[in-house]
Amino acid sequence: MTISVTRDFALSEDELALLPTDEEVEAYARNGWYLTRKLFTDDEVDALVAASERFYAGERSRTLPARPPRLAYWQPEHGPVQRHNDYVHYEHDDIARILRKPIVGAVAARLAQADEIRVFQSTLIYKPPIAGEPSNVVPWHFDRHYWQTCTSDDMLTAFIPFHDCGVDMGTITMVEGSHRWREIGADDTTTRHFADRDRSDLERMLEDNAAHNQAEVRKVPMLIPKGHMSFHHCRTYHGSGANVSAHPRRAISFHLQPGGNEYRQFHLSTGDAVTYNHDVLVRRTEDGRPDYADPEFCPVLWRNA
């Protein structure tokens, strides 16, 4: 039996049982992260692995019409470093079809308490099994810093590994409750990607903000079985360690936006406007702003009745 929510979005009775409970939604609001039940079948996860290998071999359903200035886009000539490839939901239809499974958007809508969830960005990630590879270590940061052109403070990210993912693989790790901290020390540098910043500065920023909020830095590694995923709030500090296992850590970081999110102008102290990669790709609104509801790049995942 299928239960319709709108003409386009529906969950089966089995899928309804996978949604976060009221208590789990409250825990997400308190902790800043959530571990799901099994949302993808083993066959769907295996299909993601196979599709990602075809992607790395050069297969595309379409390519970006322009190359944004801050695009993360690994290519074979970059070598055995951690691979990041943005816009995989746009460039590869087989990957997009699985990511757009309605239950993913429905879980996000419950956590964000939103009537609509749209894609904001997706990044295909491959962390090679090289214990000493510096690029494998992701320093502490939170995503909202990079989304200053967004109006919403309730954006969230699903981390979707393609296998059982634990500490030995360098799983994503959350700083519990950090999304509720009052921030100090923010300046123009926070809009720059962590790969372009000094790791010790980011570590110090975490410690300074914890101290300012009289909070303990409680780091919680996400132990994620195959087919499950984690979600985290856009202001939750997170990072990841080295992959010391014998296998690559494969995943997608799936950034999501509530339906009310829009573009806003945001300026640095120099007066320069901050830009996000979307700003050179998406269509324009009637008043000329980048449209973060462009269905080509930011399709709707879920909409309540």
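The values are calculated or read from the model by the stated rules, or taken from the named source; none is laboratory data. Computed from a prediction, not measured in an experiment: that's the story for all the values here. Backbone-built Cβ (ideal geometry, glycine too); neighbour counts: all protein chains shown.
The residues of the range 214-237 that are more than 24 Å from VAL88 (Cβ to Cβ) and not in a strand (DSSP E or B), listed by number, are GLN214, ALA215, GLU216, VAL217, ARG218, LEU223, ARG235, TYR237.
Can you find, within the range 238-287, the residue that is nearest to the chain's Cα centre (by Cα) among those that are assigned to a loop (DSSP other than H, G, I, E, B) and among the aromatic types (Phe, Trp, Tyr)?
TYR276
From PHE142, PHE120, PHE194, which residue is surrounded by 23 or more Cβ atoms within 10 Å (Cβ to Cβ), hydrophobic (A, V, I, L, M, F, W, C) and modelled with pLDDT under 95? One residue alone meets the criteria, PHE142.
Which residues, counting only those in the range 138-183, are part of a loop (DSSP other than H, G, I, E, B), over 18 Å from ARG204 (Cα atoms) and within 12 Å of the chain's Cα centre (by Cα)? Within the range 138-183, just MET155 meets the criteria. Name, by its number, the condition in (1) farther than 24 Å from HIS92 by Cα; (2) in contact with a Cys (Cβ under 9 Å, 6 or more places away or on another chain) that does not hold for ILE130. The single condition ILE130 does not satisfy is (2). Within the range 15-33, residues that are at negative phi reach partners that are polar (S, T, N, Q) with beta carbons closer than 8 Å, at six or more positions or on different chains, in the pairs LEU18/THR36; PRO20/THR36; VAL25/GLN113; TRP33/SER230; TRP33/THR236. With respect to the stated conditions, MET205 is aliphatic (A, V, I, L, M), within 25 Å of TYR276 (Cα to Cα) and either modelled with pLDDT of 95 or more or surrounded by 19 or more Cβ atoms within 10 Å (Cβ to Cβ) (or both).
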